[in-house]
Amino acid sequence: RKDTGMLSYKEHLPVSQVVVGDVDRPGSEAKVSVGPVRCQGDRNYWNAASFVTSSSYLHFSTFQAETSADISFYFKTSASDGVFLENLGNTDFIKLELKSATEVSFSFDVGNGPVEIVVRSPNQLNDDQWHRVNAERNVKQASLQVDQLPVEVRKAPTEGHTRLELYSQLYVGAAGGQRGFLGCIRSLRMNGVTLDLEDRAKVTPGVKPGCSGHCTSYGMYCANGGKCVEKYNGYSCDCSRTAYDGPFCIKDVGAFFEEGMWLRYNFHSPGTSMKDLVSRTLLSSTDPETTAPDFNLNKEELSFSFSTTKSPCVLLYISSYTQDFIAVLVKPSGNLQIRYSLGGTKEPSNIDVDYRNMANGQPHTVNITRSGRDIALQVDHYPPTSYSLPTASDIQFNSPKALFLGKVIEIGKIDQDIYKYNTPGFTGCLSRVQFNQIAPLKAALRPTNASSHVHIQGELVESNCGASPLTIPPMSAATDPWHLDSASADFPYHGQAIGDGFNRNSAIIGGVIAVVIFTILCTLVFLIRYMFRHKGTYHTNEAKGAESAESADAAIMNNDPNFTETIDESKKEWLI
């Protein structure tokens, strides 16, 4: 009934799967829990350096390996070749390199001519996973091992030189103008001594200490479900499992649909088994709750944006090999409707969205998530709303078959309302359509592995006319102060109406005009004062030389030689 234990050896890791049998009986179940991970051992085991350019390297003192050399390290890379390390002498040398994506080479020369040992792996070594290299050389033999592959051994000649004489520095990453290593190296041990790669990398351009990668710091920039892919000179965003495109998965992929045009995405294509298809596309292998018997769906995630001016129409329809279906419609009134038919009830379950007229030509976003009977719906910037399917309804979407955009062209019985809405079809824009891991519009407009699943009737023209969502959240009538029909609204003016034929709007307009006139008058007063203000200087007619003359009259006579004293007696001043 219960098993517990400890995994104490790193050779037992990672645990890739847990297989439990005898769980097919009714009422039988299995639960697996993992306790805390405890890390022990030498901290140098994770002493690592990242080489981000092909010309970057670290250098250390000469490797003393006259009669024996024992070298071990771990590496991971996405490059197909590069030199791990090299140390040179006059003619002697020792070198370890990645010769190709599947070959590691150990070469040396002790004076008897170059010797090379190559290990070939059946799997790619540039898969961005850790691989271990162990190279040994002594007077009797040399060996090389990569991971758990068989050891390659080369016997030393019975006669000749046996001492490896090296003089240059030890170069880790690149040397001699050769293409250097792009990636991470950790736990580099040379004859039992661990080299401190991190400390040397701190002061070396082109090399970074540690191997945490760029996604740790910048992975959040991969938006909308994009996956950050590590590179040694940066990072990239993998948008293949999203409905978006571009460097950061933020570019909408959409198209314009003319009247009568439709798109069908087949979940099951010729030559692909239903089991393989569903496990790769519809179902997420990492989510055990999503995987149901007979490839049925217990949950779905559906999101898209659209714009149209015509109603009614069918925006999206998902059919099945049974009578189950999911549909998103625009009713004749312009309101949105989501329709589920999962079996167990006579009529489909309808969710009517009466927020507003959706056929108004503006872009609208729709996000629908179902888990069992619980449905979460969000339209534009309105708050998410929860709904529940009837208790009699089934909770599994049985055997999904195809996804339709714009129009439903399906064999068999179709819901009567959907049949009516199907003519003449959807006219407008659809963008960023995604159903679980499937992006049908992107598969049609971009060459992907899923393009063979797409069938189009008409000419599909790429457009972002349905991509821009509403950026201003709507205000309800109860909280809108300018909504006159709301009795509960709080108006900024609670007084009585102004009499003599003037209403509140006239009072507001009059107040604004008065403020404007007052501002203009103040501005004119300021300009007038500015124009006629005193400049701070003055002018006098005082004669020159007044400073040295005995009196003012003397100054005038001194200044003007033609001056004749004509002082009238009547103009004399008397002091009484």
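Scanning the range 396-452 for residues that are more than 13 Å from F304 (Cβ to Cβ) and either among the basic types (K, R) or not assigned by the TED database to the domain that holds F304 (or both) yields K401, K407, K413, K420, R446.
As a summary of the residue check, V37 satisfies the conditions (1) closer than 30 Å to R179 by Cβ; (2) among the hydrophobic types (A, V, I, L, M, F, W, C); (3) outside the structural domain of T77 (by the TED database) except for the one numbered (1).
Quick check on the range 186-196. Is at least one of its residues of a type outside the set (F, W, Y), at pLDDT below 75 and open to solvent by less than 70 Å² (accessible area, probe 1.4 Å)? Looking for residues that are of a type outside the set (F, W, Y), at pLDDT below 75 and open to solvent by less than 70 Å² (accessible area, probe 1.4 Å), one finds none in the range 186-196, hence no. Here A30 clears all of (1) touching a residue at least 40 places away in the same chain (Cβ under 8 Å); (2) open to solvent by 50 Å² or more (accessible area, probe 1.4 Å); (3) aliphatic (A, V, I, L, M) except the condition numbered (1).
The set of residues in the range 81-99 being under 35 Å from the mean Cα position of the chain (by Cα), of a type outside the set (D, E) and within 11 Å of F181 (Cβ to Cβ) consists of G82, V83, F84, L98. For S393, the conditions (1) of a type in the set (S, T, N, Q); (2) touching a Lys or Arg at 6+ places or on another chain (Cβ under 7 Å); (3) open to solvent by 60 Å² or more (accessible area, probe 1.4 Å) are fulfilled apart from (3).
Any residue at all in the range 94-101 that's open to solvent by less than 20 Å² (accessible area, probe 1.4 Å) and in contact with a Gly (Cβ under 6 Å, 6 or more places away or on another chain)? Looking for residues that are open to solvent by less than 20 Å² (accessible area, probe 1.4 Å) and in contact with a Gly (Cβ under 6 Å, 6 or more places away or on another chain), one finds at least one in the range 94-101, hence yes. Going residue by residue through the range 39-47, is there one that turns out to be touching a residue at least 24 places away in the same chain (Cβ under 8 Å), in a strand (DSSP E or B) and of a type outside the set (S, T, Y)? Taking every residue of the range 39-47 in turn, none turns out to be touching a residue at least 24 places away in the same chain (Cβ under 8 Å), in a strand (DSSP E or B) and of a type outside the set (S, T, Y). The strands (runs of 3 or more DSSP E) located wholly in the range 201-268 that include 2 or more residues which are open to solvent by less than 30 Å² (accessible area, probe 1.4 Å) and farther than 28 Å from K407 by Cβ occupy 234-238.
Please specify each residue of the range 416-426 satisfying the condition of being of a type outside the set (F, W, Y) and open to solvent by 30 Å² or more (accessible area, probe 1.4 Å).
Our first condition is that a residue be of a type outside the set (F, W, Y); within the range 416-426, this holds for 416-418, 420, 422-425.
Listed by number, the residues that qualify are Q416, D417, K420, T423, P424.
Looking only at residues that are open to solvent by 60 Å² or more (accessible area, probe 1.4 Å), assigned to a loop (DSSP other than H, G, I, E, B) and not charged (D, E, K, R) in the range 163-173, which one is nearest to T62 (Cα to Cα)?
Initial filter on the range 163-173 (open to solvent by 60 Å² or more (accessible area, probe 1.4 Å)): 163, 165, 167, 169, 171.
Subset that is assigned to a loop (DSSP other than H, G, I, E, B): 163, 165, 167, 169.
Pick out the ones that are also not charged (D, E, K, R) and you get 167, 169.
Working: Y167: 6, Q169: 5 Å.
Filtering the range 163-173 for residues that are open to solvent by 60 Å² or more (accessible area, probe 1.4 Å), assigned to a loop (DSSP other than H, G, I, E, B) and not charged (D, E, K, R), the one nearest to T62 (Cα to Cα) comes out as Q169.
Close contacts from the range 5-16, counting a first residue that is over 15 Å from Q129 (Cα atoms) and a second that is surrounded by 10 or more Cβ atoms within 10 Å (Cβ to Cβ), with Cβ to Cβ under 8 Å and a gap of 6+ residues or different chains, come to V15/L7. With respect to the conditions (1) surrounded by fewer than 21 Cβ atoms within 10 Å (Cβ to Cβ); (2) in contact with a Lys or Arg (Cβ under 7 Å, 6 or more places away or on another chain), E86 lacks only one, and its number is (1). Here K407 meets the list (1) at pLDDT 90 or above; (2) within 33 Å of the chain's Cα centre (by Cα) almost entirely, failing just condition (1).
The values are calculated or read from the model by the stated rules, or taken from the named source; none is laboratory data. Keep in mind the model is a prediction, meaning the values are calculated, not measured. Counting neighbours? That spans all protein chains shown, and the Cβs are built from the backbone with ideal geometry, glycine included. Accessible surface is based on the protein model in full, side chains and every heavy atom, while ligands, DNA and RNA are left aside. Shrake-Rupley method; radii C 1.70, N 1.55, O 1.52, S 1.80 Å.
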